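Coordinate-derived values only; no laboratory data. Predicted model only: the values in this text are computed from it and were never measured. Positions of Cβ are generated from backbone atoms using ideal geometry, with glycine treated the same way; all protein chains shown enter the neighbour counts.
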Amino acid sequence: MGKSSEPARHAPYNKGLDSTATCAARSALQNASRIAVLTGAGISAESGIPTFRGPGGIWRTYRAENLATPEAFARNPKFVWEWYDYRRSVIATVGPNAGHRALAAFEQRGGDFTLITQNVDGLHDRAGSRNVLKVHGDIWSLRCTICGREREEKSARLTELPPHCRCGGLERPGVVWFGEALPSSVWELAQRAARHIDVLLVVGTSAVVHPVAGLAHLAKSHGAMVVEVNLAETPVTSVADYSLRGSAAEVLPELFA
Ligand SMILES: [Zn+2]
């Protein structure tokens, strides 16, 4: 990316205050005919979900990088499943927040709207979002390692660890592990959206995880306005037209008001 001649219009976000940047971003969203939103761990953290990059509880001596890999699963599927079972039980205790609900409500108004998430926790579904492109998969989905059949299993605790498919094959979590490619059909749809939108809203993600990081650049290079909502400056800030400093639960209801 070349350096933009126009500096990004950063503005601090003050709750209850209609900052100029918030107003401008809101009016851009109102006038846009095609909108995509990319969400990341930040919006889930506001619901109380830990990032799991440094596992919590009994798992705190382990690194996610040593559990969320095909190699770890091949070595000890039961052990890896115990970690996922723990994560599922933690996620089940929290709910979607005002940020998730604002996105679901906006989708229900109709129009060309694409929600892309890096989160596997299913909180967008629970908030009522219908079409969610889950580029890192879904922790509530189980996939057979033999026949490839996927099924949804929403019990907070699985009765059988590791779980098995009806064909007898071992099932794995339906998420993307370190070193694995993104699900190609979902990723293709996310990229297509990024090339054909008027506004991309990047929420609660530093988007440093490749290749998702490329979406903001892709959208920008195809003429979209990029609006960032994050508590801190991120690598997206440099390509964002507007960077709104605040939490998703505070900012999104105001942006989609
Ligand atoms: Zn199977």
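Being at negative phi and in a helix (DSSP H, G or I) is the requirement here; does GLU82 meet it? For GLU82, the condition - at negative phi and in a helix (DSSP H, G or I) - is met.
Note on the stretch 154-257: enclosed helices (runs of 4 or more DSSP H) holding 2 or more residues that are touching a Gly at 6+ places or on another chain (Cβ under 6 Å) are 248-255. Checking the stretch 178-196 against the condition returns a match, with at least one residue being charged (D, E, K, R) and under 27 Å from VAL80 (Cα atoms).
Out of VAL176, VAL132, report the one residue that is farther than 21 Å from VAL90 by Cα and either buried (at least 19 other Cβ atoms within 10 Å of the Cβ) or out of contact with any helix residue (DSSP H, G or I) (no Cβ under 7 Å at 6 or more places or on another chain) (or both).
Values: VAL176 fails: farther than 21 Å from VAL90 by Cα.
On inspection, the qualifying residue turns out to be VAL132.
Do we have any residue at all in the stretch 214-223 that's hydroxyl-bearing (Ser, Thr, Tyr), away from the ligand (no atom under 16 Å from the Cβ) and out of contact with any helix residue (DSSP H, G or I) (no Cβ under 6 Å at 6 or more places or on another chain)? Checked against the condition, which is being hydroxyl-bearing (Ser, Thr, Tyr), away from the ligand (no atom under 16 Å from the Cβ) and out of contact with any helix residue (DSSP H, G or I) (no Cβ under 6 Å at 6 or more places or on another chain), the stretch 214-223 yields at least one hit. The single condition among (1) touching a Leu at 6+ places or on another chain (Cβ under 8 Å); (2) without any contact (Cβ under 8 Å) to a residue 60 or more places away in the chain that ARG149 does not satisfy is (1). Taken over the stretch 120-158, the criterion of being polar (S, T, N, Q), within 29 Å of LEU215 (Cβ to Cβ) and within 16 Å of the ligand (Cβ to nearest atom) is satisfied by SER141 alone.
Condition check for HIS210 on (1) under 18 Å from the mean Cα position of the chain (by Cα); (2) in contact (Cβ under 8 Å) with a residue 60 or more places away in the chain: one failure, at (2).
Kindly indicate whether PHE79 is crowded, with 21+ Cβ neighbours inside 10 Å and over 22 Å from the mean Cα position of the chain (by Cα). It is false that PHE79 is crowded, with 21+ Cβ neighbours inside 10 Å and over 22 Å from the mean Cα position of the chain (by Cα).
Would you confirm whether any residue within the stretch 109-124 is buried (at least 19 other Cβ atoms within 10 Å of the Cβ), among the aromatic types (Phe, Trp, Tyr) and part of a helix (DSSP H, G or I)? Quick ask: steps written out before the conclusion?
Of the stretch 109-124, the ones buried (at least 19 other Cβ atoms within 10 Å of the Cβ) are 113-124.
Within this subset, residues satisfying the condition of being among the aromatic types (Phe, Trp, Tyr) are 113.
Now drop any that are not part of a helix (DSSP H, G or I), which leaves none.
No.
Of the residues making up the stretch 159-179, those that are more than 17 Å from the chain's Cα centre (by Cα), touching a residue at least 40 places away in the same chain (Cβ under 8 Å) and away from the ligand (no atom under 16 Å from the Cβ) are LEU161, GLY179.
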